[in-house]
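Colleague: I am attaching a structure below and will ask some questions about it afterwards.
The values are calculated or read from the model by the stated rules, or taken from the named source; none is laboratory data. Note that the structure is predicted; figures quoted are calculated from it, not measured. Here the Cβ positions follow ideal geometry from the backbone for every residue, glycine too, while neighbour counts run over all protein chains shown. What goes into the accessible areas is simple: the full protein's heavy atoms, side chains included, and nothing from ligands, DNA or RNA. Shrake-Rupley method; radii C 1.70, N 1.55, O 1.52, S 1.80 Å.
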Amino acid sequence: MYTIGERISELRKNRGLTQEQLGDAVGVSAQAVSKWENGGTPDVMLLPILADKLGVTIDELFGRSAHDSKPMSDTVRNYLLSIPADKRLYELFALSPAMVSGLEPMASLINDADKTVFQIRPSAYAHVRLGDEISWLRTIVSDDNGLMLSVFAEDCPMTIILPEPECGYKSNLASEEEYARLFAALGKKNAMKVVLWLASGNSANDTYIHASAVSQGVGIPHDEAEEILSDLESAGLLGAMSLEYESKTIRAYSLNDDCGLVPFLYLARWILLRNSDMFCAAYNRKKPYLK
């Protein structure tokens, strides 16, 4: 049976907090926290805020089962606020396996080729070898309420959750013409080299770059760089502005959304792995995705 001090110590360490950080959050000194953890007892008036900062209920603080009627969203929010800010995004991702198991229990994956069993766990490696190929170990949950796509791995953590709205997925898509223009622009020779070069720090923080810089950076002729940039602008991937330089007007370009580019490229790779059997899936969907 834990004492409350032992429970505070365990919860604090699990959240990655020092005694000083927990003390600051509660409004006491690090020495006070140390005293609690070595047999002391917090003031009763501090218990609610202490429980909130540690992401638990007061019952759980005393080691008892929780009967908390608060919305889960509040519980998750308080839990995330209880740990250091630089760890919150990864901690949120770490909850993904629990979400998947709640949707559809899945303990392992069996590779039909050699009957190898892979456990699905957050510490697994994203890259698994199939003969000479390297693949992602993917998890898919699909039913009539939506989709969840995940790679549970420290070297490639990814979770995308797409609940389906009543109006369906199709109503939120761009037009066929817009998709055709985007993929046509990306499909041109050297276009992906330009996009990746821009996204590699060469067009960050709204920095605008002209075709000459792109030509030199990517190693393609100036006219080709200008054409690619113009096509990517027309497709909506780039923003552009006109600059007056040495009595002439030149166009300068910047990525419109470098944050959205990474998920886009991740999902593109996901699709390219369509022939890989390295995935764990629960398909319970009966209606088409785009009705």
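Colleague: How long are the three semi-axes of the equivalent ellipsoid for the range 10-54, computed from the Cα gyration tensor as the root of 5 times each eigenvalue, in whole Å, largest first? Before the final figure, lay out the partial values.
Modeller: Values: eigenvalues 37, 30, 21 Å².
Semi-axes from the Cα gyration tensor: 14, 12, 10 Å.
Colleague: Can you give the alpha-carbon Rg of the range 17-99 over 2.2 N^0.38 Å, where N counts its residues?
Modeller: Cα Rg divided by the expected 2.2 N^0.38 Å: 1.15.
Colleague: Let me check against my output: what whole-number percent is the relative contact order of the range 239-291, with C-alpha pairs under 8 Å and at least 6 apart? Don't skip to the answer; put the middle values down first.
Modeller: Values: 20 pairs, mean separation 10.8, N = 53.
The value is 20 percent.
Colleague: Hey, any idea what % of the range 171-269's accessible area is carbon plus sulfur with a 1.4 Å probe? Before the final figure, lay out each step's value.
Modeller: Values: 3100 of 5960 Å².
Accessible surface attributable to carbon and sulfur in the range 171-269 totals 52 percent.
Colleague: Then there's this: Could you give the C-alpha radius of gyration of the range 140-196 expressed as a fraction of 2.2 N^0.38 Å, taking N as the number of residues it contains? Before the final figure, lay out the partial values.
Modeller: Details: Rg = 15.9 Å, N = 57, 2.2 N^0.38 = 10.2 Å.
It is 1.56.
Colleague: With only alpha-carbon atoms in the gyration tensor, what are the semi-axes of the equivalent ellipsoid for the range 170-291, in Å, largest first? Present the calculation step by step, with values, prior to reporting the outcome.
Modeller: Numbers: eigenvalues 230, 52, 32 Å².
Each semi-axis is √(5λ); the values are 34, 16, 13 Å.
Colleague: Which of the residue pairs Lys13/Lys53; Lys188/Lys248; Lys189/Lys248; Lys35/Lys87; Lys87/Lys193 have a Cα-Cα distance greater than 23 Å in the structure shown? Present the calculation step by step, with values, prior to reporting the outcome.
Modeller: Numbers: Lys13/Lys53 13 Å; Lys188/Lys248 28 Å; Lys189/Lys248 29 Å; Lys35/Lys87 27 Å; Lys87/Lys193 33 Å.
Long pairs (Cα-Cα over 23 Å): Lys188/Lys248; Lys189/Lys248; Lys35/Lys87; Lys87/Lys193.
Colleague: Enumerate the lysines that Lys286 could reach by cross-link, defined here as Cα to Cα under 22 Å, with residues fewer than 8 away along the same chain left out.
Modeller: Reachable lysines: Lys170.
Colleague: Tell me, what are the semi-axes, in whole angstrom and largest first, of the equivalent ellipsoid of the range 140-236 as set by the roots of 5 times the Cα gyration tensor eigenvalues? Provide the component values of the computation, followed by the final result.
Modeller: Numbers: eigenvalues 228, 72, 24 Å².
They are 34, 19, 11 Å, listed largest first.
Colleague: Hey, got the dipole for the range 152-291? About the Cα centre, +1 on K and R Cβ, -1 on D and E Cβ, debye to the nearest 20? Show your work: numbers first, answer last.
Modeller: Working: 13 positive and 19 negative charges, 145 e Å.
Roughly 700 debye for the range 152-291.
Colleague: Distance in nm between label sites at Tyr208 and Lys35, each 7 Å beyond Cα in the beta-carbon direction?
Modeller: 6.2 nm
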